[in-house]
Amino acid sequence: MKWQWRSGGNNKELKNIIVTDWEPLGATAAFSSRTGGVSAGVYKSLNLALHVGDDKENVINNRGKFLTALGGDLRQGICCMQVHGHIVKAVNEKDCGKGVREYESAVPECDALITGAPDVFLMTFYTDCFPIYLFDPEKKVIGLAHSGWKGTLAEIGKETVKKMQEIFDSSPDDIRVFIGPGIQACCFEIQEDLREKVAAKFGDKEQFASSNGKRAIVWDLPATISYSLRQAGVKESNIVNCGLCSSCQEETFFSHRRDKGFTGRMGAAITLRR
Ligand SMILES: [Zn+2]
């Protein structure tokens, strides 16, 4: 078993995907669903993003519920601004609290965070983009990267591996990766101009962005992310793809595409245990 759904203690409505494989190795990695929170309307109910128009106190309350279910609290969180780029930043315990209670204090201009500090929770937020969780159990280093189509084209996952090598001397051979839920090829329709960009960047275009028979062109983002990570030296056997689709599973996930832009966000979090 590589991952499983787990409820949040006494909050049975709250359920997170947990990467169970990593728990005995010292890391907790989780992805939330939309249930078990206090937000209303299109944000019902566990919206974890501050910048989407939801009531701020409700979002902070929801974030507290999410981290509590993982054995943490709000003071341990670190969030980044998520600008659909390829910049990775290293953080430590001094950065705790950034972006947790207000978007403005988040680590600026980056989409991925890495740390070797235990007991801090790296956090990023999602509708259809993919969270890439990274864990080096040898050097005790974790990373979390936000990879939508722009970040995938910019190879944010590969950049995160490179930064782990550079700052913490991680060997790509040791790095484990979990690609969480997001919009899968069943739903991620794109136009020809974007397919050209995918082909220009990654070569063989049929491998990633192809016709699915009934619709024009679809892009398999996790396949592309996985390919890029392997180019960075991560072993195929160390990459796990969750496979769940945010757009298909309306009861479980918010989806920007499906909900026409008016929706909440799920959260990804990863922490190293002491
Ligand atoms: Zn789908």
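The values are calculated or read from the model by the stated rules, or taken from the named source; none is laboratory data. Keep in mind that this is a model prediction, so the values were computed, not measured. For neighbour counting, all protein chains shown are included, and Cβ atoms are generated from backbone atoms with ideal geometry for every residue, glycine included. With ligands, DNA and RNA removed, areas are computed over all heavy atoms of the protein, side chains included. Shrake-Rupley method; radii C 1.70, N 1.55, O 1.52, S 1.80 Å.
Table for the structure above
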read-out	value
Segment 258-274: number of residues that are away from the ligand (no atom under 14 Å from the Cβ) and open to solvent by less than 70 Å² (accessible area, probe 1.4 Å)	11
Residue 39 vs. criteria hydroxyl-bearing (Ser, Thr, Tyr) and either part of a strand (DSSP E or B) or surrounded by fewer than 19 Cβ atoms within 10 Å (Cβ to Cβ) (or both)	no
Residue match in segment 44-58 (condition: at pLDDT 95 or above and β-branched (Val, Ile, Thr))	no
The lone exception for residue 176 - which of (1) within 16 Å of the ligand (Cβ to nearest atom); (2) within 30 Å of residue 72 (Cβ to Cβ) it fails	(1)
The lone exception for residue 100 - which of (1) assigned to a helix (DSSP H, G or I); (2) open to solvent by less than 30 Å² (accessible area, probe 1.4 Å) it fails	(1)
Failed item, numbered, when residue 219 is tested on (1) within 16 Å of the ligand (Cβ to nearest atom); (2) at pLDDT 95 or above; (3) surrounded by 15 or more Cβ atoms within 10 Å (Cβ to Cβ)	(2)
Count - residues of segment 103-115 that are open to solvent by less than 30 Å² (accessible area, probe 1.4 Å) and either touching a helix residue (DSSP H, G or I) at 6+ places or on another chain (Cβ under 7 Å) or at positive phi (or both)	4
Subset of segment 36-64 [of a type in the set (S, T, N, Q), farther than 13 Å from residue 263 by Cα and within 18 Å of the chain's Cα centre (by Cα)]	62
Tally, over segment 132-145, of residues that are open to solvent by 10 Å² or more (accessible area, probe 1.4 Å) and of a type outside the set (Asp, Glu)	3
Which numbered condition residue 162 misses (of (1) closer than 27 Å to residue 267 by Cβ; (2) not in a helix (DSSP H, G or I))	(2)
Residues that are farther than 26 Å from residue 159 by Cβ and in a strand (DSSP E or B), drawn from segment 244-274	none
Residue match in segment 58-81 (condition: β-branched (Val, Ile, Thr) and assigned to a loop (DSSP other than H, G, I, E, B))	no
Residues of segment 57-97 satisfying the condition of being in contact with a helix residue (DSSP H, G or I) (Cβ under 7 Å, 6 or more places away or on another chain), open to solvent by 40 Å² or more (accessible area, probe 1.4 Å) and without any contact (Cβ under 8 Å) to a residue 24 or more places away in the chain	73
When residues of segment 247-257 are limited to those that are more than 18 Å from residue 13 (Cα to Cα) and near the ligand (Cβ under 9 Å from one of its atoms), the one least open to solvent (accessible area, probe 1.4 Å)	255
Test: residue in segment 225-243 that is within 16 Å of the ligand (Cβ to nearest atom), in a loop (DSSP other than H, G, I, E, B) and either surrounded by fewer than 20 Cβ atoms within 10 Å (Cβ to Cβ) or not assigned by TED's automatic domain parsing to the domain that holds residue 14 (or both)	yes
Residue identified as outside the structural domain of residue 244 (by TED's automatic domain parsing) and either in contact with a helix residue (DSSP H, G or I) (Cβ under 8 Å, 6 or more places away or on another chain) or open to solvent by 10 Å² or more (accessible area, probe 1.4 Å) (or both) among 159, 196, 166	196
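So that you can scan it fast, the table gives a plain yes or no per residue for (1) farther than 20 Å from residue 201 by Cα; (2) of a type outside the set (D, E, K, R); (3) away from the ligand (no atom under 16 Å from the Cβ):
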site: 115; (1), (2), (3): yes, yes, yes
site: 147; (1), (2), (3): no, yes, yes
site: 153; (1), (2), (3): no, yes, yes
site: 190; (1), (2), (3): no, yes, no
